Amino acid sequence: MKNIAIIGFGVTGQATLRYFLEQAKNNNVSDSPDGIYKISVFDSKTESDFEDVSKEIDKYKTEGVEFNFEKTDFVEDEFDLIMVSPGVPLNLPVLLRAKEKNIPIKNDITLFIENWRNIGAGKIVGVTGSNGKTTIVNLLYKYLQDSQIDSIMAGNIGNSPLDILGGFKNKTDNESDVIVVLELSSFQLEAFQPEHYLDVCLISNLSSNHLDRYNGNMQKYADAKMNGIDPQKTDVVLCADDDGIKKYVLPKIKNKKVSLISFETAIDQVGQKGIYMDSENDLVSKDSDLTKKVFTRINDRRLLGIHNLYNIAMVYGVLDFLDVDLKNDETIRNFKGLEHRIEFVRELDSVKYINDSKSSSPTATKVAIESLTKEKNIILILGGNDKGMNFEVLIEPVSDFVEKIILLPGDIDKKIIKTLSEIVEIEKVDNLVGAVKLAREIAPKKGFVLLSPAATSFKLYKNYEERGEHFKNLIKGL
């Protein structure tokens, strides 16, 4: 008998449970002679919070799974393995006690990597950073697919890689070439140990985000982002123009294979390998003394904004390490971006409504503001829950381009008012319905209404997708 505790029963916890039940069904249980798991699920939420999966919970109970809602502390000695979801802090008392007793603590990503290595399958690419992860992962995956390269996309984008392991039980020649592209948050990377290294690690940028989890310490946040890097085995892609990368990441990188992305430094003055912009504004790949253009006519693309040009360059940096032919630029040009990220919803009475619900940090909101206009004609809807972030990064773009802020409920309202009220008018509303109603009344002609909350929505919505869908439905109903 192998006893397993799963803390957190969201998307990741449910995928983890499915994985272990499938393993038990197939009697594929290492270190468990009788091939049986005893699984206990713990979550701080009430059972009624999981009404949408109540039928599944009832089914799991008949299969012997024990559910403990409104509870995340238990006797750690009763378990051989503790699985944690990304939102579960690793300083929970039960986890600290388990660590002292060398009881293994893993998450779905580390468990996947262990299994993937054991079956000898293909390379693992990890994409992390404060902003841009999802765009990069989706564009990279699309490029690989369009290049007829077998690949899998999973992680923080909403699906666990454990769900795809069932089809890869035994290595075959074809499976050894499958590339796994993982979007990784700092929370997921916290559980990484040296054996969980990535073959390629891309860190897009670094800004104050989730600092409530790291006691306001940016270096601890950066260190978590670097947890998947092995100095000898990992190829690293970094944006050398990003202040956070320059301050907190580059000084600690000892890897021999590093690709630097820079638009600000002349090619002959930078590192041995990377993607740069030449005097003709073309993207150029450099490897030692060899250079070649990889993306010309940079304005001929659907993915607009300088931030997205950096995202494109970083994708090329990863592809270069994977030895993928860099000639398929039509995939790059035609990629139109992601739902809930600077997403055009509707134009009504000469006002454009933009859904940027995915932006849960001030830096992401800054990018959204600066990508829309060169005039002061934006009605900005923001607000939500604080993650210990610094909102001073919004002072300049708000001053230049925002006519008024509509503030949603949340615990960042005081911080936003303190930081921005002297440069722009701010009006508080009770909910998103009120925000849209007010925005409709005051939006300037040929202007924009931008939902870019710069904060999480944990108390108002399940996730940014639900928040974004609500906004889009409200706009379509005007």
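Using the structure shown, decide if Val294 is assigned to a helix (DSSP H, G or I) and among the hydrophobic types (A, V, I, L, M, F, W, C).
Working: assigned to a helix (DSSP H, G or I): no; among the hydrophobic types (A, V, I, L, M, F, W, C): yes.
In short, no.
Please determine, by comparing only the residues of the stretch 193-226 that are of a type in the set (Phe, Trp, Tyr) and at pLDDT below 95, which one is surrounded by the fewest Cβ atoms within 10 Å (Cβ to Cβ).
Tyr214
Filter the stretch 321-350 down to the residues that are in a loop (DSSP other than H, G, I, E, B) and within 22 Å of the chain's Cα centre (by Cα) and list them by number. Don't jump to the end; show me each part of the working.
So the first thing to find is which residues in the stretch 321-350 are in a loop (DSSP other than H, G, I, E, B), and the list is 322-328, 335-342, 349-350.
Result: Leu322, Phe335, Lys336, Gly337, Leu338, Glu339, His340, Arg341, Ile342.
Just one of the numbered conditions (1) free of Cβ contacts under 8 Å to residues at least 24 places away in the same chain; (2) in a strand (DSSP E or B); (3) not aromatic (Phe, Trp, Tyr) is not true of Ser285; which one?
Condition not satisfied by Ser285: (1).
Restricting the search to the stretch 13-39, which residues are at pLDDT below 90 and of a type in the set (Phe, Trp, Tyr)?
Tyr37
Between a first residue in the stretch 421-439 that is free of Cβ contacts under 8 Å to residues at least 60 places away in the same chain and a second residue that is among the hydroxyl-bearing types (Ser, Thr, Tyr), which pairs have beta carbons less than 9 Å apart while being 6 or more apart in sequence or on different chains?
What qualifies is Ile423/Ser399; Val424/Ser399; Leu432/Tyr461; Val436/Tyr353.
Mind checking whether some residue in the stretch 176-192 is assigned by TED's automatic domain parsing to the domain that holds Ile298, without any contact (Cβ under 8 Å) to a residue 40 or more places away in the chain and surrounded by fewer than 23 Cβ atoms within 10 Å (Cβ to Cβ)?
no
Could you go through the stretch 263-282 and let me know if any residue there is free of Cβ contacts under 8 Å to residues at least 24 places away in the same chain, surrounded by fewer than 15 Cβ atoms within 10 Å (Cβ to Cβ) and either in contact with a helix residue (DSSP H, G or I) (Cβ under 6 Å, 6 or more places away or on another chain) or among the hydroxyl-bearing types (Ser, Thr, Tyr) (or both).
Looking through the stretch 263-282, at least one residue is free of Cβ contacts under 8 Å to residues at least 24 places away in the same chain, surrounded by fewer than 15 Cβ atoms within 10 Å (Cβ to Cβ) and either in contact with a helix residue (DSSP H, G or I) (Cβ under 6 Å, 6 or more places away or on another chain) or among the hydroxyl-bearing types (Ser, Thr, Tyr) (or both).
Can you pull out the residues in the stretch 51-70 that are assigned to a helix (DSSP H, G or I), more than 13 Å from Ile6 (Cβ to Cβ) and not charged (D, E, K, R)?
Val53, Ser54, Thr62
Take Lys336 and tell me if it is touching a Leu at 6+ places or on another chain (Cβ under 8 Å), closer than 20 Å to Lys273 by Cβ and at pLDDT below 95.
No; evaluated as a whole, the condition is false for this residue.
Test Lys247 against the criterion of being under 26 Å from the mean Cα position of the chain (by Cα), assigned to a loop (DSSP other than H, G, I, E, B) and basic (Lys, Arg), and give yes or no.
It is false that Lys247 is under 26 Å from the mean Cα position of the chain (by Cα), assigned to a loop (DSSP other than H, G, I, E, B) and basic (Lys, Arg).
So which strands (runs of 3 or more DSSP E) are wholly in the stretch 374-478 and hold at least 2 residues that are within 25 Å of the chain's Cα centre (by Cα) and either surrounded by 23 or more Cβ atoms within 10 Å (Cβ to Cβ) or assigned by TED's automatic domain parsing to the domain that holds Gly10 (or both)?
378-382, 448-451
Could you say whether any residue in the stretch 42-59 is in contact with a strand residue (DSSP E or B) (Cβ under 6 Å, 6 or more places away or on another chain), more than 30 Å from Val181 (Cα to Cα), in contact (Cβ under 8 Å) with a residue 12 or more places away in the chain and surrounded by 18 or more Cβ atoms within 10 Å (Cβ to Cβ)?
The answer is no, given that none of the residues of the stretch 42-59 is in contact with a strand residue (DSSP E or B) (Cβ under 6 Å, 6 or more places away or on another chain), more than 30 Å from Val181 (Cα to Cα), in contact (Cβ under 8 Å) with a residue 12 or more places away in the chain and surrounded by 18 or more Cβ atoms within 10 Å (Cβ to Cβ).
Residues are listed down the side, and each one gets a yes or a no for (1) among the acidic types (Asp, Glu); (2) more than 21 Å from Leu309 (Cα to Cα); (3) surrounded by fewer than 24 Cβ atoms within 10 Å (Cβ to Cβ); (4) in contact with a Lys or Arg (Cβ under 7 Å, 6 or more places away or on another chain):
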| residue | (1), (2), (3), (4) |
| --- | --- |
| Pro104 | no, yes, yes, no |
| Phe112 | no, yes, no, no |
| Arg117 | no, yes, yes, no |
| Lys123 | no, yes, yes, no |
| Val137 | no, no, no, no |
| Asp146 | yes, no, yes, no |
| Asn159 | no, yes, yes, no |
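The values are calculated or read from the model by the stated rules, or taken from the named source; none is laboratory data. For clarity, every value in this text was computed on a predicted model and none was experimentally measured. With ideal geometry, Cβ positions are generated from the backbone for all residues, glycine too; neighbour counts draw on all protein chains shown.
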